Each structure stands twice: as structure tokens, then as C-alpha cells.
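Asker: So that we are looking at the same thing, I have put the structure below in C-alpha cells.
The numbers here are math on the coordinates, done by the rules we state, and not lab data. Because the structure is a prediction, the values reported are computed rather than measured. A quick note on method: Cβ atoms are made from the backbone with ideal geometry, for glycine too, and the neighbour counts reach across all protein chains shown.
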Amino acid sequence: MCCQKLSEGAAAKFAELDAFIDSLGIDCNDERRRGRLIQVLHRAQKIFGYLPREVQIHVAQKLFLSEAAVSGVVSFYNYFTTEPKGKYVVDVCLGTACYVKGSEKVLSEIERVLGVKADTNPTPDGLFSISALRCVGACGLAPVMMVNGKVYGKVTPAKAVEIINEYKKLG
Amino acid sequence: MSEVTITINGKQVSVPAGSTILEAAQKLNINIPTLCYCKELGCGVSNKPASCRICLVEATGIRGPRKILAPACATPISRDGMEVWTNSTRALNARRTVLELLLSDHPRHCLTCAKNQSCELQKLAAEFGIEEVEFEGEKNKMPVDNSSEAIMRDLSKCIMCRRCETVCNKVQTVGALTGYGRGFKAKVGTASMIPLADTSCTFCGQCVNVCPVGAITGISYVKKVWAALNDPTKTVIVQTAPAVRVAVGQEFGFEPGVPVTKKLVAGLRALGFDKVFDTNFSADLTIMEEGHEIVERVTSGKNLPILTSCCPGWINFIEHNFPDLLHIPSSCKSPQQMFGAIAKSYYAEKMGIKPEDLIVVSIMPCQAKKYEAARPEFAPNGVRDVDYVVTTRELVRMFHEAGINLANLGDEEYDSPLGQSTGAADIFGVTGGVLEAACRSVYYMINGKELEGDAINFRAVRGLDGVKEATVQVAPGKSINVAVCSGLGNARKVLEAVRKDPNRFQAIEIMACPGGCINGGGQPYLHGQTDLLEKRMKGLYTEDESKVKRCSHQNPDIQALYKEYLGEPGSEKAHHLLHTVYHQK
């Protein structure tokens, strides 16, 4: 599935990534190339939506690093994902404040309604994926959830389902 | 560099500023246990991530006058007056807790572990007198990766010392291993945790050598060898690589590095091999073919430099990393594969044995040889030229299992006709040896006369340095520039130099393991004693000097092989049996 998704306009995406990497002016002897890796991966994830193995290999070759070195960094940071995400990314905060205000119940209700677990594959229709995260800095609104970066405060399990249904209608 | 004076356990010691507490303690002969730390992984690279914390000591003067716990391996001494206690109650308790925590996440199956009795974690547990582990928690459960023919990784045993990762990336620049994931689930893995067989791993086995526990070991074919030895329908013959004879003795109480060739032959015969032959024989054969190729390429000036091709780890490396240079290695198969090809053709025909009923076992200092022997191009008509590869370490186990102690055996000689060799073959086992052996015969091939006196010793290419450059005379008035390198990181540097300036060298010897096969991935563990390599090297040169014939072309059995079977070096038949092609990976 991931390969198929990647092929949609992949050439243009790789070209966009290459243009960015080339603008950094790094050659094989440049000691900064390791330091630039995270920056390049950020851009790659922004372009592709996720970092499948093909993209990691490409980044490794462009930066004269081993595939393993790139993979190690990708695996270390929660921000980077090797799986495609849904059209709507639902983030539920499990930070301390949200947690004590019941965000775990919100999360399990969303998981139940959408039929997928947090931090795994998106829903089969590709519309939603769920992530659990730690604190978005809006503890006053706890419990907090976000959809594609839009923050919803003081959510209850029932309210969360309403929000999800709104996005479902949008398709 | 300025000296600093500190106190350890009440004793004063002066060390250069920047030395670690561990180094200062060693100067006082005070032992501090270590685990992740490794002073020398190869090519001067050390491992001190301070990740295991087993070397914790109590000290003042690190962050002010307060007494704190600090890892001795990675804490530098920058000022006078630091005070260190290596065995205070607090330090000992901290270390014990660290060890128990390590053990809480370690499968304690020591009795059935390949590293039983050579495991550094097991040794520490014994030294600390750990009788029960207080902490029982979650254990990392990871599947075993035995995807390759050579190297097995069992990450449930990994203690995250990261020695393998350091040796793979910093010494060998292979880049197959990386720290993967984070927190409790972190492990040393491959890219995207793909099977090792699908990575750029060269199977050099340096990771196997440095792993303190049983997380990385060689894939063993010993059971299959036992089965073959007990199969009356098979004729089982064995070949022994040059570097094995100077390493196996230390496991039976011989002086390390001293060649025990004749005991080794006796031991193999006692194991039940029908014939005991020598890879040295085919090393001489390699020199005939490679020497012929060198003469041809050097005199025509075409397709230079020529690179040696004996080392399968190195061949894997160039196939993965330098596809644009695949036309320059010698097309010669390695001595192991030449032996197999000759055994299953010339020898099998001579003895009237079908190739499939002849089992060829190799005793090798190497893990990559297991991979090499399994390459499809070395199995004509589906019959492998070399059936099973057994490393020096695995052979020691076979001897132990069979109750054979080399120290109690008499001296025995190799069998004929694939057992006789010259001194040139012995030195294949050490960095520089293949090139020196080639030079001895190339001189004869070009000039039609032998090197005289001390000229036979090409000392400029000897020694354990990672990269050696020299100019050697191959004919009166004709010299060639040569390079010798060992360790794949050094190979990378030399190959990048070749890319920039193809005319700088005419011949280059490359070995994957730092120091050559004496430090191969299948040799008895050094456990940090790098002086063993010096001793093994000396042993090989002693063996060389002890022989009357020291040039490959003087080997009478090689001469007979060409006369009876192959024709001339470089003949069509020789090409068919003894040469190969390389593939981009």
C-alpha cells in the first residue's frame, strides 16, 4: 500500500526534496551532513507525509550516509513516522493535565469509533489516523484533542465523536 | 601535554591531563570492571559510550568538592587533586545494582548459549557473586536474525554496549548497524530492522569478535560436519587457512602466536577427516594465477591498479560500495574457493570420487568465508565447491567435544597432493602477506630468475599499520607503487584515492579485518589483548622463514598440477576453474 501511495506524484515529490537538499550544498566530505539530516527528514516528511524506506534510502544517498544511520534517527524521534497518516490526523493529549481530566477515555472512545488504535495504521478509507501525544501547551483547556493542528478543548468522549463525525461528513 | 596528579584509593598517580579515571587506575594496577568499554576495536578506535555504568567509581573534583558516582571509562581528569574511590561501599553497591538491572533484561540461558564461558557479562556475574537477581521485569523479546549464511544476531541478549555499531561504522565504515528506536525498546539494529542478509553487511565478523555477550555469533555448520564425518558414503577432506595455525594453539595452552601446524594436522586427522589438506596449497595456486595477471596488467599498463581478491569481506565491500571499480580487482577466486574447485575437479577425478560424494570442509579464521562458500557461482551444477566452513573458534569446540587436546598429540604432516605449500602461502594470513607473496613470484615471472638473499623479504609491506605504501622493484629498473591496507575503513580511503588518481598505485592488497586474517571474525577472541595480533603475525613470518621453498612458483605439487591438468597460468581451464566475476549489490 505504501509503495502505491508513494507512486502518486512521487517523481515530483522527490524532485522537490532534491531541490531542498541541493540548496544545502553538502558534499560527501562535509562533516555537517549528519547535522543536516534531521532538517532534511523534516522536509521529506512534510513533502511525502511520512518516511517510507524508499525515502530514507534516497535521503541516505543524497547525504552520503548509510541507510542505517538515517533509519536510526527516524526510529528515535516520535515525530517521524514510517507509516502513511490519514487525511485527518487526530491527536489526543495524554499529558498529565489532560490525563487527570479523562483524556484516556476520550482516546479509547475515538479508537472504538474509528476502529483503529493510536499510533498504528490509518482507517481503511485513509481518512483518519490517531496519535497520542504529550502536552500541547493548552492545559487550561484539558482534556485537549487536535485535528490536523486545530485544537479542541474540554472534550468529552461524546463531544469527540461529534467532532470526528463533522470531519467524516467533509470526507 | 601537562600532567595531573590525583589520588585513587589513597594512592597518588600522575597522568597526562585528559586521561580517564580508568586509565589512571590501570597505571596503579587497580582493576575497575568494564563492559561496554573497549580500548581497541581496531584501527585505533575505542568504544566508550559509558552506557553500561558497570565502571562506576566514587569521586570528588568532577563537579566541585561533592562526592559523586562517575563512569571511570569516560570521565576525564582535567585538574590536580581529584580523589577517587574504586571500591567504596557506594561504588560497589551501584555497580551491583547496574549489573542486576542488566541481568534482569537478559535471558539467563548461559548453559545453552554459544558464548558460554567466553561471555563478559557472565564473567562479571561470577566475579560479583550474583546468586539471584532481585529485579524481575519485562524482558526485550526479539526474534533471532539468522537470515545470512554467516552471522546470527539474537537481540534479546543485546546489552546495548554498541561495540558492534562502533566497529561497523567507525572502523569498517560498512554502516550496516545503527542504534534503533529509543528507551527500553532501543536496540542495535539494521536499517528499518530488515534482515542482515538484505543490508550492506560484508560479513567481516568484526562485530562478532567485539560483542561481549551472545547477541552476535557466527552461524555454525559444525553439526553438518559431524554428520558428514559419520557418513560412510562420503569422503570428507579438510583445508586449513594460513591464519588458523597461529591462533588455535592458545586455546590448548601453547604460547600465543606460535604455529602449531603439525598438531593441527594431527587433531584434524583424529577428528576423522579422510584427508587433511592445506589452503596454503591453493594460496600458492592463487599466486600463480594472480601473479600472471599482475605481470600482464603491469607490463601492458592497462586496467591498473590491480586489487587482491582473497578476502570475501572485502569483495562484498567493493560490490556494495564501489560498483564503478568492479573491473579492477583480480579475477582470481580466493584460495578457499580455488581449493574447492580443484578438489572437486582435479582431485575428485584423480581419486575416482563423484564431486557430490566428496565433502570439502574449510577451517577458516573468518565469517565471510561462510557467505563466500555459499555464493551460487561457486556451486557448478548445484554442487558446492566448499561444502562447510568452520571457524577457528568452532574447530576448538569440535576438538573439546571430541576430547582432543592438541597439546597431547604428536606432529603429523599434511596429505598429498593438496597439502604441500611454500612460505609465501603462510603469510597470506597477515596484512601485506598476499602482496609480498605475489611480488616474490612476479619478480621470477618477469625476470626468469629468483630473488636472492634478503631480497625475498619485502619488509616495506609488513607490519600491522592500517595503510602501508611502498615502491617495490619487480625487475631491474622497473618499480611499481603498491599499497597495503587492512580494515574496511582504510580500504574506503584507499579506494577513494584510486578514484581520484588511478595512476597512483599499480597494485593494492586489501583485507577486511584490521591486521588481516590473524584478526579474522572467526579467530579465538582477543578479549582486549591486542598484543596477540603481533604474536600471530610473528608466528606466520617464522613459519615462512622455516621453509626451504618460500616462493609459490617453486611448489612442486603446484608445478605438477599445471603440468597434469591446468596447462599454463591463465589458461582457459585455469580461467574456468580458478577465476570469477563480481556483481554490483
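Asker: Are any of the pairs A:LYS62/B:LYS141; B:LYS333/B:LYS354; A:LYS46/B:LYS500; B:LYS234/B:LYS535; B:LYS115/B:LYS333; B:LYS157/B:LYS333 more than 28 Å apart by Cα-Cα distance, and if so, which?
Answerer: Pairs exceeding the cut-off: A:LYS62/B:LYS141; A:LYS46/B:LYS500; B:LYS234/B:LYS535; B:LYS115/B:LYS333; B:LYS157/B:LYS333.
Asker: Name the most mobile residue of A:CYS28, A:CYS98, A:CYS135, meaning the one with the largest mean-square fluctuation, in a Gaussian network model of chain A with Cα contacts below 10 Å.
Answerer: A:CYS28
Asker: Per DSSP H run of n ≥ 4, the term is -39500 (n - 2.57); total these for chain A, divide by its residue number, and report the mean residue ellipticity at 222 nm rounded to 500 deg cm²/dmol.
Answerer: -16000 deg cm²/dmol
Asker: Looking at the protein assembly as shown, what % of its DSSP beta bridges pair antiparallel, to the nearest 5?
Answerer: Once the DSSP bridges in the protein assembly as shown are tallied, antiparallel ones form about 55 percent.
Asker: Given DSSP loops and a limit of at most 15 other Cβ atoms within 10 Å, what is the longest stretch of chain B that contains no such GluC sites (Glu not before Pro)?
Answerer: Working: sites that count: B:GLU131, B:GLU132, B:GLU134, B:GLU136, B:GLU138, B:GLU413, B:GLU450, B:GLU452.
The longest uninterrupted stretch comes out as B:139-412.
Asker: Explain nothing, just compute: Karplus ³J(HN,Hα) = 6.51 cos²θ - 1.76 cosθ + 1.60, θ = phi - 60°, for every residue of the range B:423-431 in order, whole Hz, x for Gly and Pro.
Answerer: These are the phi-based 3J(HN,Hα) values: x, 4, 6, 4, 7, 4, x, 10, 3 Hz.
Asker: Next up: Give the separation of the Cα centroids, the range B:152-205 to the range B:361-375, in Å.
Answerer: 21
Asker: With the contact rule set at Cα under 8 Å and sequence spacing of 6 or more, what percent relative contact order holds for chain B?
Answerer: About 15 percent, as a whole number.
Asker: Let me ask you something else. Could you work out the relative contact order of the range B:1-122, using alpha carbon pairs under 8 angstrom and six or more residues apart, expressed as a whole percent?
Answerer: Value for the range B:1-122: 26 percent.
Asker: In addition: Count neighbours as other Cβ atoms within 10 Å of each site's Cβ, and list the GluC sites (Glu not before Pro) in the range A:16-99 that are DSSP loop with at most 14 such neighbours. Walk me through the numbers on the way to the answer.
Answerer: Details: sites: A:GLU16, A:GLU31, A:GLU54, A:GLU67; in loops: A:GLU31.
Listed in order of number, the matching sites are A:GLU31.
Asker: At a threshold of 8 angstrom on Cα-Cα distance, excluding pairs fewer than six apart, so keeping six or more, what relative contact order does the range A:88-170 reach in percent?
Answerer: 39
Asker: Tell me whether the range B:277-328 comes out rounded, prolate or oblate; compute the Cα gyration tensor, take square roots of the eigenvalues as a ≥ b ≥ c, and use a/c under 1.5 as the rounded threshold.
Answerer: oblate
Asker: Please report how far the C-alpha centroid of the range B:530-547 lies from that of the range B:506-526, rounded to the nearest whole angstrom.
Answerer: Cα centroid of the range B:530-547 versus Cα centroid of the range B:506-526: 14 Å apart.
Asker: Quick one: 3J(HN,Hα) in Hz for the range B:265-278, Karplus 6.51/-1.76/1.60 with θ = phi - 60°, rounded, Gly and Pro as x.
Answerer: So the Karplus estimates, Gly and Pro as x, are 4, 4, x, 5, 5, 5, 5, x, 5, 5, 9, 10, 10, 10 Hz.
Asker: Convert each backbone phi in the range B:371-382 into a coupling constant with the Karplus relation 6.51 cos²θ - 1.76 cosθ + 1.60 (shift: θ = phi - 60°), then list the ³J(HN,Hα) values in order as whole Hz, x for Gly and Pro.
Answerer: 5, 4, 4, 8, 4, x, 5, 9, 9, x, 6, x
Asker: How big is the range B:3-102 on each of its three principal axes, counting only the C-alpha atoms and giving the largest first in Å?
Answerer: Sorted largest first, the three principal extents are 36, 33, 24 Å.
Asker: Moving on to the next point. Which value, in nm² and rounded to one decimal, describes the direction-averaged projected area of the C-alpha convex hull of the range B:401-471?
Answerer: On the way: hull surface 33.2 nm².
Computing the convex hull of the Cα atoms and averaging its projections yields 8.3 nm².
Asker: Let me spell out the model: positive unit charges on the Cβ of Lys and Arg, negative unit charges on the Cβ of Asp and Glu, origin at the Cα centre of the range B:424-480. What dipole size does that give, in debye rounded to 20?
Answerer: Using only the charged Cβ atoms, the result is roughly 120 debye.
Asker: Along the principal axes of its C-alpha atoms, what lengths does chain B span, in descending order and rounded to whole Å?
Answerer: 80, 58, 48
Asker: Right, here's the next one. Computed on alpha carbon atoms, what radius of gyration and Dmax characterise the range B:252-391, expressed in Å?
Answerer: Looking at the range B:252-391, its Cα Rg and Dmax stand at 16.9, 51 Å.
Asker: Which one, A:SER103, A:LEU65, B:ALA228, is farthest towards the positive end of the dipole of the protein assembly as shown when Lys and Arg carry +1 and Asp and Glu -1 on their Cβ?
Answerer: The residue sitting farthest along the positive end of the dipole is A:SER103.
Asker: Based solely on its DSSP helices, what 222 nm [θ] is calculated for chain B when runs of n ≥ 4 H residues each add -39,500 (n - 2.57) and the sum is averaged over all residues, nearest 500 deg cm²/dmol?
Answerer: Per the formula, -9000 deg cm²/dmol.
Asker: For the range B:359-458, report the % of Cα-Cα distances exceeding 21 Å.
Answerer: When all Cα pairs of the range B:359-458 are counted, 58 percent exceed 21 Å.
Asker: Using a Cα-Cα cut-off of under 12 Å, which aspartates and glutamates could be cross-linked to B:LYS344, ignoring same-chain neighbours fewer than 8 residues away?
Answerer: B:GLU356, B:ASP357, B:ASP385, B:ASP387
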